[in-house]
Structures are given as C-alpha cells and as structure tokens.
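K.L.:
First the structure, which I've put down as structure tokens, then a few questions once you've had a look.
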Amino acid sequence: MINIQENISLRPYNTFGIDVKAKYFCQVKSTAELIELVQTDLFRNERRLILGGGSNILFTKDFDGIIAHNSILGKEIVHENGDTAFLEVNSGALWHDIVMHCVQNNWGGIENLSLIPGTVGAAPMQNIGAYGVEVREVIEKVEAVELSTGRVKSFANKECKFGYRESIFKNDLKEKFFISSVTLTLSKKNHRINTSYGAIAETLSKMNITQPTIKNVSDAVIKIRSEKLPDFKILGNAGSFFKNPEISEEQFSKLQIDFPSVPHYSANQGVKVPAGWLIEQCGWKGKTFDHVGVHAKQALVLVNYGEASGDEIFSLAQKIISSVHEKFLITLTPEVNIF
Ligand code: FAD
Ligand code: NAP
C-alpha cells in the first residue's frame, strides 16, 4: 500500500545536504508499489522524479511535483555455472553493499567500483565508473518500469547505449523509466584483476601485496577513496561535479603548445583531459566562499560547508566553467543532475 506524503524536506535524501522541499514524496518498496504509484492520477499529472541515494543530484529549488524514493530491496542468483554468477539485484539496494557481497563471495568484476555511494538502480544511469572499470562491463540486463504505462521492459546491455558517464536512460529515455533491477555478470574464477589505474598498484605495494585478490583490490580502493574524498555525511558533496572533457586530437595539440605539462589519456573520441587539473590550474582548488567551496584534495568535488543553498553551489559551478573556458577554451559539463 503506497503512502504519498506532502511537503517533505529533501535534506536527508541528497548528499549535498541541500534543504529544499518536495511537494509530494513516496517511498517505493516493491515493483508492485511502483506500478500502483504510476497508475495514480497524482503521478500522471504532476512533475516526477525518481530518487535513489541523492548522491548525483543538486537541488536548486523546491521540487514542485512528486518524488518516488527507491527502497526496492533484494537480490538473487538467477543463474550460475562454474565460471560465472548472474546476480539480479533490485534497484534500491545500496551499490557498495552489493560490491561487499560480491567481494565476500569472491565474485569478480566490480571490486574497483567499491565505495561509490548511491543505489544499484542509478548505476546504469550514468554507467558509473572508477579506477578503469565501468559498470557496463558487468551488466547483463536492466529491467525498468515505464512511467507513462506501468509496463515492465527488459533492456539488454547493448540497448542501454552505454558511454562515458552516459546511457540511454540519461538521454533518449531521460525520466521515462524507473530502473527496477539490474542483472550483473560476475566471474567466479580467472578474475580480471585491474590494478593499473591511479594509486591502486602503489597502495597494494605499500600493503606488501604482490598477488592481489579481489578483496585486496577492493580494500586498496576503499583506502584511497577514504583518504582523498570528503565524507558526505560530514561535508556535503556529490563526488565529481563535472565530467572529464574529451577533446579532439587537433584541439589537444594546440592545448599542449601552451600547456606542455597537461595530463591526458586516450579516449573513445579523441583525448581525455582531467577536469580536476583544469580547475586546479585556474586556482580554484581548496578555495572557500561563504557556505561553499572546492575540495582541497580533489578540485572536481564541490562542497557544502553546512548551510549552502543549491543556487550557491550552482553559481560556483558556473564561475568554474567560465574560468576554465577562458583559460583553456574547454567547456566543462556537469556530471551531477541539476534540478
Ligand atoms: P541519485 O543521485 O538519487 O539519482 C541520480 C540520477 O539518476 C537522477 O537523475 C535520478 O532521477 C536517476 N535515477 C536514480 N535512480 C533511478 C532509477 N532506479 N531509475 C531511473 N532513474 C534513476 N559516480 C561514479 O560514476 N564514479 C565514482 O567513483 C563516484 N564516486 C562518488 C563519490 C562520492 C563521495 C559521491 C558523493 C558520489 C560519487 N559518484 C560517483 C556519483 C554517484 O554516487 C553515482 O552516480 C551514483 O550512481 C548515484 O546513485 P544515487 O542512487 O545516489 O542516484
Ligand atoms: P585520479 O586518479 O587523480 O585521476 C584524475 C583523472 O584522470 C581521473 O578522473 C581519471 O579519469 C583520469 N585517469 C587517471 N588514470 C587514468 C588512466 N590510467 N587511464 C585513463 N584515465 C585516467 O582520480 P581520482 O579523482 O582520485 O578518482 C579516481 C577514480 O575514481 C577515477 O576513475 C574517478 O572517475 C573515480 N571517481 C569518480 C567520482 C564521481 O563522482 N564520478 C568521484 C570520485 C572518484 P576517469 O574519471 O575517467 O576515470
């Protein structure tokens, strides 16, 4: 039985800790409740938003509509053989809890994605990625409920149109489906251990580990992230505020003439330049302005010192975009969803 509440503060429901209100708010605890909700007149007629852990969202004003907060829990192995386990996870489960479950069972594939906040249902939305792994590599299928009809549709991996922090759910099907479950394909042996990225190898070496297991990699990622990223329970943030820009080879060659030390990586389309470096070069790293600031250890992370409004964070983001464009002729795009 669904319960639609009115005038609810969203402060506990977004990791920036922004104190705005939702006109209507409904906790959704099962797919049946979801289908019941989408069939109500209220849901049909109001503006609607699906909310997971609120760790990739910036609210700049009250939400004048209905929020469906995802609390659909549960997981099961739907199929397995000697090599692979197929784990179907309901979308309200916390992503990191599922990573820990897999690590405990020695199922490989998502250990590099340890300690990413938020829900399983939001993971395909922006094809979450970290330390050289993207969730698309382990997604077999995504099940979703169409908001206009209540119809359940299954999307095979290819149909999700995954890209760098992108998917069909963030583009063509934006705000059209509620992802209700995700099926992951996990290795049971011959794991593809990936330690080549960032500080993982160095951290493992300091831990005196030469033949890393899945658990070792997960432990290393957790250690690095805990030391570098602010804890959103203490300092409100939504992780990287911007995507790393991918620019053409030609634009990169010109950039390198003026900035020979610019870090770069090959990308699907051209060259990836770390947004954090660009922001740091513009002098923003560690700066604070009233209630908001740029994190001292990672310039990609904007923080709320406690009482910031979403507009204050948005306005800081706009200033950063302008100054990066002025210096490098590169336009940063927010990764965070802004409402
Ligand atoms: P929300 O913020 O609640 O929602 C995000 C978007 O997805 C919204 O548009 C929402 O409407 C939509 N959505 C949510 N659930 C569903 C659903 N079930 N069906 C349809 N649409 C849905 N991200 C990375 O990729 N890599 C990282 O390493 C990483 N590190 C982070 C570190 C920190 C400290 C923080 C705060 C964030 C980090 N993030 C990272 C960003 C964020 O955690 C992920 O994008 C996460 O997947 C968001 O999950 P969520 O449940 O909080 O989504
Ligand atoms: P980092 O190691 O300081 O590296 C800075 C950037 O360079 C990263 O954003 C990464 O791009 C890129 N990079 C580093 N090594 C690379 C390689 N070998 N090949 C290709 N690209 C490389 O980054 P960090 O800030 O500490 O973050 C570590 C990882 O966690 C990154 O993958 C990052 O995306 C992820 N993370 C994401 C969020 C988020 O909210 N989205 C928040 C925190 C951390 P990519 O970002 O494309 O990987």
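The values are calculated or read from the model by the stated rules, or taken from the named source; none is laboratory data. Quick caveat: nothing in here was measured; it's all calculated off a predicted structure. Neighbour counts are summed over all protein chains in view; Cβ atoms, including those assigned to glycine, are modelled from backbone coordinates with ideal geometry. Each accessible area value is taken on the protein alone, full model and side chains, heavy atoms only, with ligands, DNA and RNA left out. Shrake-Rupley method; radii C 1.70, N 1.55, O 1.52, S 1.80 Å.
K.L.:
Of all residues in region 132-150, count the ones that are at pLDDT below 95 and either within 15 Å of the chain's Cα centre (by Cα) or surrounded by 22 or more Cβ atoms within 10 Å (Cβ to Cβ) (or both).
P.N.:
1
K.L.:
Scan region 71-92 for residues that are in contact (Cβ under 8 Å) with a residue 60 or more places away in the chain and charged (D, E, K, R) and report the count.
P.N.:
Residues flagged as in contact (Cβ under 8 Å) with a residue 60 or more places away in the chain and charged (D, E, K, R) within region 71-92 amount to 3.
K.L.:
Which ones in region 236-257 are over 30 Å from Phe59 (Cα atoms) and either within 16 Å of ligand 1 (Cβ to nearest atom) or hydroxyl-bearing (Ser, Thr, Tyr) (or both)?
P.N.:
Ser248, Ser253 - these are the residues of region 236-257 that are over 30 Å from Phe59 (Cα atoms) and either within 16 Å of ligand 1 (Cβ to nearest atom) or hydroxyl-bearing (Ser, Thr, Tyr) (or both).
K.L.:
Take Asn7 and tell me if it is more than 13 Å from ligand 1 (Cβ to nearest atom), under 20 Å from Lys174 (Cβ atoms) and open to solvent by 60 Å² or more (accessible area, probe 1.4 Å).
P.N.:
Taking the combined requirement at face value, the residue does not satisfy it.
K.L.:
It is to be established whether one or more residues within region 27-39 are closer than 19 Å to Gln126 by Cβ, outside the structural domain of Val303 (by TED's automatic domain parsing) and surrounded by fewer than 18 Cβ atoms within 10 Å (Cβ to Cβ).
P.N.:
If we filter region 27-39 for residues that are closer than 19 Å to Gln126 by Cβ, which is where we start, we get none.
No, that holds for no residue.
K.L.:
For region 227-256, enumerate the residues that are open to solvent by 70 Å² or more (accessible area, probe 1.4 Å), farther than 30 Å from Asn304 by Cα and in contact (Cβ under 8 Å) with a residue 12 or more places away in the chain.
P.N.:
Of everything in region 227-256, just one residue is open to solvent by 70 Å² or more (accessible area, probe 1.4 Å), farther than 30 Å from Asn304 by Cα and in contact (Cβ under 8 Å) with a residue 12 or more places away in the chain, namely Glu249.
K.L.:
Is there a residue being more than 30 Å from Val292 (Cβ to Cβ), part of a strand (DSSP E or B) and open to solvent by 50 Å² or more (accessible area, probe 1.4 Å) anywhere in region 10-21?
P.N.:
Going through region 10-21, the residues more than 30 Å from Val292 (Cβ to Cβ) turn out to be none.
Among the residues of region 10-21, not one is more than 30 Å from Val292 (Cβ to Cβ), part of a strand (DSSP E or B) and open to solvent by 50 Å² or more (accessible area, probe 1.4 Å), which makes the answer no.
K.L.:
Suppose we filter Gly129, Gly121 for residues that are touching a residue at least 24 places away in the same chain (Cβ under 8 Å) and more than 16 Å from ligand 2 (Cβ to nearest atom); which single one remains?
P.N.:
That would be Gly121, the only listed residue that is touching a residue at least 24 places away in the same chain (Cβ under 8 Å) and more than 16 Å from ligand 2 (Cβ to nearest atom).
K.L.:
Right, next: Any chance region 69-79 includes a residue that's buried (at least 19 other Cβ atoms within 10 Å of the Cβ), of a type outside the set (A, V, I, L, M, F, W, C) and within 11 Å of ligand 1 (Cβ to nearest atom)?
P.N.:
yes
K.L.:
Can I ask one more? Out of Ile214, Ile179, Ile200, Ile209, which single residue is within 21 Å of Val99 (Cβ to Cβ), within 16 Å of ligand 2 (Cβ to nearest atom) and β-branched (Val, Ile, Thr)?
P.N.:
Only one candidate qualifies: Ile200.
K.L.:
Now for a different question. Only residues that are closer than 27 Å to Asn268 by Cα, in a strand (DSSP E or B) and not acidic (Asp, Glu): list them for region 155-191, please.
P.N.:
Matches in region 155-191: Phe155, Ala156, Gly163, Ile179, Val182, Thr183, Leu184, Thr185, Leu186, Ser187.
K.L.:
So Ile179 fits all but one of (1) in contact with a Gly (Cβ under 7 Å, 6 or more places away or on another chain); (2) of a type in the set (A, V, I, L, M); (3) open to solvent by 20 Å² or more (accessible area, probe 1.4 Å); what number is the exception?
P.N.:
(3)
K.L.:
So, one more: Pairs under 6 Å by beta carbon, first residue more than 18 Å from Ala238 (Cβ to Cβ) in region 276-294, partner in a helix (DSSP H, G or I), six or more apart or different chains?
P.N.:
Going by the 6 Å Cβ cut-off, the qualifying pairs are Leu278/Val324; Leu278/Phe328; Cys282/Ser323; Cys282/Val324; Cys282/Lys327.
K.L.:
Hey, among Gly129, Gly109, Gly121, which residue is crowded, with 18+ Cβ neighbours inside 10 Å and touching a Leu at 6+ places or on another chain (Cβ under 7 Å)?
P.N.:
After applying the criteria, what remains is Gly109.
K.L.:
Of all residues in region 49-98, how many are assigned to a strand (DSSP E or B) and more than 16 Å from ligand 2 (Cβ to nearest atom)?
P.N.:
Selection size over region 49-98: 24.
K.L.:
Just to be sure before I move on: is Lys327 within 16 Å of ligand 2 (Cβ to nearest atom), open to solvent by 40 Å² or more (accessible area, probe 1.4 Å) and charged (D, E, K, R) in the structure I sent?
P.N.:
Here the answer is no, as Lys327 does not meet what is asked.
K.L.:
Considering only residues that are β-branched (Val, Ile, Thr) and within 11 Å of ligand 2 (Cβ to nearest atom), look in region 257-303 and name the one that is surrounded by the fewest Cβ atoms within 10 Å (Cβ to Cβ). Please lay out each step first, then the result.
P.N.:
As a first pass, look at region 257-303 and keep what is β-branched (Val, Ile, Thr): 257, 262, 271, 273, 279, 288, 292, 294, 301, 303.
Now restrict to residues that are within 11 Å of ligand 2 (Cβ to nearest atom): 271, 273, 301.
Numbers: Val271: 20, Val273: 23, Val301: 24.
Top of the filtered list is Val271.
K.L.:
Would you call Ala317 touching a Pro at 6+ places or on another chain (Cβ under 9 Å), more than 14 Å from ligand 1 (Cβ to nearest atom) and farther than 27 Å from Thr203 by Cα?
P.N.:
Working: touching a Pro at 6+ places or on another chain (Cβ under 9 Å): yes; more than 14 Å from ligand 1 (Cβ to nearest atom): yes; farther than 27 Å from Thr203 by Cα: yes.
So Ala317 fits the description; yes.
K.L.:
Let me ask something else about it. Of the numbered conditions (1) more than 18 Å from the chain's Cα centre (by Cα); (2) over 21 Å from Leu204 (Cα atoms), Gln104 fails exactly one; give the number of that condition.
P.N.:
Every condition holds for Gln104 apart from (2).
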